[in-house]
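Peer 1: Sharing a structure with you now.
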Amino acid sequence: SLAQRIRAKGIEAEDWLMLAELEIKQSEHRTAEEKRTSAQLATGYLNHALAAAEGNHSQEVACRAYKTYADAYRLAGDYERALEQYEKFHELQRKIFAQEIQQKAKILQARFETEKAKKEADLQQAKAEAEHLRNMELAGVNQQLEESNRRLTEADQLKTDLLGIAAHDLKNPLQSILGFAELISARTAGDAKVAGYAKTIEQTAVRMFKTVVDLLQSSAIDSGVIVLQREIIDVTDLIAYIAESNMIHAAKKDQRIDFPPQQICVVNADAERLHEVIDNLIGNAIKFSPRGKTIWVKVEKRDEKVCVSVRDEGLGMDAEDLKKIFGKFRKLSARPTGGENSTGLGLFIAKQLIDLHGGKIWVESKGKDQGTTFTVELPAVIS
């Protein structure tokens, strides 16, 4: 049947595309001649994939094919053709993105109209019940308040969903910007001025991408969809790696991270999520400390707990800051000392992730310009 032929074409296009992507990935550490051979093989696979995709009217597969073409030509050193394919990829991606936005807008508009009609009906019903509620006992009034609270919760969830959709739809354009910036840098290595512009574009896109990732993670936390992948890990090894990774950032501000050899401390935790939390705390210490200061990182056992502390000589916090430090989108009185970016979501996400682990996170500061100490406490694994 026609449907079966279309389905078969789609599967064929995916197979050719996967072969091309695999060929490029496997050639990363080969010689230049081998890379050119791999690029030719990948291009042949992509020709088949694109032909099948066009016969099947599959824009998504065609979009991936153009991007993989660009990767293949870049692998072969043909940056002009790589840029040409990136432009095709970007144009088709923009078209797909516009179609998706239009479709989502229709869905959201329909949802809004439905919700509006429902709320208007609820309002009319509430008015009709007002006379009856006057004679009801306090329990009935409480029930009405609970129902109002439920509706507010639903409205807040809708806001979270819309925020998540908006952040998700920004990821692809930002990835395209990063790709173009890298290509421009590669093609203009001899032009310091243009290369500097490309670097600025890339750094700005990276900051925006970090903001989008934080928004998506915040939305996931609010929706309760994060599931921890727990495993037995040595926190000391994990933090040693994080501290070393951040030393290059600290060095840019003539700062020093002090993390001497420490005892083994084992916990049952999601290593990736714990990495996010500690990396955020050390990053904040660098961000909010003046040049030439020291950041102390310490891991220790306290009874049946493992405690990780990050102490700095930075701007400190007053009593008002301490009250709202773990809130969402909270801006504190202190500002980054090197003009760094801050989304106001990092510490909110950190607290939610530690809460999911059954742990605690808190902050201590004696006041302005007297530094800050963040402490994370997790249940220890007793051997």
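The values are calculated or read from the model by the stated rules, or taken from the named source; none is laboratory data. Remember, predicted model here, so these are calculated numbers, not experimental data. Reconstructed Cβ throughout: ideal geometry from the backbone, glycine too, with neighbour counts over all protein chains shown.
Peer 1: Against the condition out of contact with any Cys (no Cβ under 8 Å at 6 or more places or on another chain), at pLDDT below 90, farther than 29 Å from Asn268 by Cα and of a type in the set (Gly, Ala, Ser), how does Ser365 come out, does it pass?
Peer 2: Criteria not met by Ser365.
Peer 1: For the structure I just gave you, tell me whether Leu332 is among the hydrophobic types (A, V, I, L, M, F, W, C), free of Cβ contacts under 8 Å to residues at least 40 places away in the same chain and farther than 30 Å from Gln229 by Cβ.
Peer 2: Yes, satisfied.
Peer 1: Taking the conditions exactly as written (in contact with a helix residue (DSSP H, G or I) (Cβ under 7 Å, 6 or more places away or on another chain), modelled with pLDDT under 80 and over 30 Å from Ala62 (Cβ atoms)), does Leu133 satisfy them or not?
Peer 2: yes
Peer 1: Name the one entry in Asp279, Asp321 that is modelled with pLDDT under 95, within 26 Å of the chain's Cα centre (by Cα) and within 12 Å of Thr372 (Cα to Cα).
Peer 2: Of the residues listed, the single one that is modelled with pLDDT under 95, within 26 Å of the chain's Cα centre (by Cα) and within 12 Å of Thr372 (Cα to Cα) is Asp321.
Peer 1: Residues being in a loop (DSSP other than H, G, I, E, B) and without any contact (Cβ under 8 Å) to a residue 60 or more places away in the chain: count how many of those fall in the range 248-279.
Peer 2: Result for the range 248-279: 8.
Peer 1: Answer with yes or no whether Thr31 is among the β-branched types (Val, Ile, Thr) and either in contact with a helix residue (DSSP H, G or I) (Cβ under 6 Å, 6 or more places away or on another chain) or within 23 Å of Ile184 (Cβ to Cβ) (or both).
Peer 2: No: the conditions fail for Thr31.
Peer 1: Hey, another quick one. Which residue out of Asp355, Asp312 is in contact with a helix residue (DSSP H, G or I) (Cβ under 7 Å, 6 or more places away or on another chain) and at pLDDT 90 or above?
Peer 2: Only one candidate qualifies: Asp312.
Peer 1: Which pairs turn up if I take residues in the range 78-92 that are under 15 Å from Ala62 (Cβ atoms) and look for partners that are of a type in the set (S, T, N, Q) and surrounded by 17 or more Cβ atoms within 10 Å (Cβ to Cβ) with beta carbon separation below 9 Å, at least 6 apart in sequence or on another chain?
Peer 2: Partner pairs satisfying both residue conditions: Gln85/Thr68; Tyr86/Ser176; Phe89/Thr68; Phe89/Ser176; His90/Ser176.
Peer 1: So which of Glu100, Glu113 ends up being exposed (fewer than 12 other Cβ atoms within 10 Å of the Cβ) and more than 19 Å from Glu182 (Cβ to Cβ)?
Peer 2: Exactly one residue qualifies, and that residue is Glu113.
Peer 1: What do you reckon, is Ala42 at pLDDT 80 or above and in a helix (DSSP H, G or I)?
Peer 2: Criteria met by Ala42.
Peer 1: Among the listed residues Gly358, Gly344, Gly316, identify the single one that is more than 27 Å from Asp237 (Cβ to Cβ), surrounded by fewer than 16 Cβ atoms within 10 Å (Cβ to Cβ) and either in contact (Cβ under 8 Å) with a residue 60 or more places away in the chain or of a type outside the set (A, V, I, L, M) (or both).
Peer 2: Just one listed residue meets the conditions, Gly344.
Peer 1: Scan the range 45-63 for residues that are within 20 Å of His90 (Cα to Cα) and either outside any loop (DSSP other than H, G, I, E, B) or modelled with pLDDT of 80 or more (or both) and jot them down.
Peer 2: Leu46, Asn47, Ala49, Leu50, Ala51, Ala53, Glu54, Gln59, Glu60, Val61, Ala62, Cys63
Peer 1: Got a number for residues in the range 325-338 being within 17 Å of Leu281 (Cβ to Cβ) and either among the hydrophobic types (A, V, I, L, M, F, W, C) or touching a Lys or Arg at 6+ places or on another chain (Cβ under 8 Å) (or both)?
Peer 2: Going through the range 325-338 one residue at a time, the tally reaches 7.
Peer 1: OK, next. Among the β-branched types (Val, Ile, Thr) and at pLDDT below 90: is that true of Thr343 in this structure?
Peer 2: So Thr343 passes the test.
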